[in-house]
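Please treat every number below as a calculation from the coordinates, not as lab data. Predicted model only: the values in this text are computed from it and were never measured. Positions of Cβ are backbone-derived with ideal geometry, glycine not excepted, and every protein chain shown enters the neighbour counts.
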Amino acid sequence: MHYQWETEQSVQSMRKLNSGVSLLETMIALMVMGFISVMIASSFGFYGKVFDRDDGHERFIGSAIARNDLSQWVRLMPGAPSIDGVAFALKGSATRMEFATVTDIGGFWVGGATLVSLERHENQLLVSARGALPDGTSHEVQPVIFDGATDLRISYYGTLISNHSKEWQSSWEHPVQLPDLVKIEANGDDGPMVPIVLRPGLNEDQRLRSLSSPAPPG
């Protein structure tokens with residue numbers, strides 16, 4: 001009897017021991033799972049910030065390229081009044097500007113005219129350039145200069161009347177004469193855009209100045 005009592009007591013002790021180990025294992029497993037869950041959640045948050053940062057960098061680079069393309073298109077406006085019946089004079093208001101140029105920037109064919117316009121469309125400062133590829137097929141690009149724009153202000157420096165002093169104006173329209181400068185300003189949700197100042201026909205003006213300069217002696 002004594003032996004049987006000790007055996008039953010040993011079995012009960014083992015059961016209690018086994019029960020305690022199972023509960024402890026469950027608690028440890030829950031702790032490990034919780035720790036892993038926190039790590040996974042933190043990883044998602046980290047990579048989400050990385051992707052957001054990359055997206056912001058991509059927009060910034062795209063905006064910088066668009067600003068440079070617009071500047072080059074304006075600089076490359078030719079001195080000829082027209083090519084194939086397309087006038088190259090600049091026409092603009094306070095909220096829209098359009099002109100024609102000759103360029104290969106953007107893949108266009110330099111043998112024809114490329115029509116360029118700038119305006120605000122759905123909170124974006126959008127440049128539209130339409131022309132032709134070297135093989136003659138039509139080609140269009142629409143780079144974004146500024147995303148999140150709440151307004152747009154374009155001003156033109158020069159004079160449309162002979163013998164009048166030059167000044168900033170809110171519009172420009174002349175069959176031949178170009179403004180000396182064009183200034184583009186805009187505000188956005190995160191603050192104002194860095195202003196863009198353009199010099200229409202700068203390359204042609206520099207070429208003419210070079211031709212009119214006296215030749216060096218010797």
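Seen from TYR157, the other residues with C-beta closer than 14 Å to its C-beta sum to a net charge of +1, counting Lys and Arg as +1 and Asp and Glu as -1.
Building the convex hull from the alpha-carbon atoms of the stretch 66-177 and averaging its projection over directions returns 7.3 nm².
Using a Förster distance of 35 Å, how high is the FRET efficiency between TYR157 and ALA64, based on the Cβ-Cβ distance and rounded to 0.05? Can you show the working numbers first?
On the way: r = 24 Å, r/R0 = 0.69.
The value I calculate is 0.90.
Remark: spin-label model distance GLU140-ARG209 equals 3.7 nm, labels positioned 7 Å along the Cα→Cβ axis.
Kindly state, to the nearest 0.05, the FRET efficiency for HIS174 paired with LEU115, given R0 = 25 Å and r defined as their beta-carbon distance. Show your work: numbers first, answer last.
Working: r = 18 Å, r/R0 = 0.70.
Approximately 0.90, to the nearest 0.05.
Extension gain for the segment ASN187 to HIS164, taken as residue separation times 0.36 nm less the Cα-Cα distance, is 5.1 nm to one decimal. Arrange the following residues from fewest to most other Cβ atoms within 10 Å of their Cβ: ARG96, ARG75. Neighbour counts put them in this order, fewest first: ARG96, ARG75. Shown for ILE65, ILE161, ILE154, ILE196: other C-beta atoms within 10 Å of each C-beta, ranked fewest to most, produce the order ILE161, ILE65, ILE196, ILE154.
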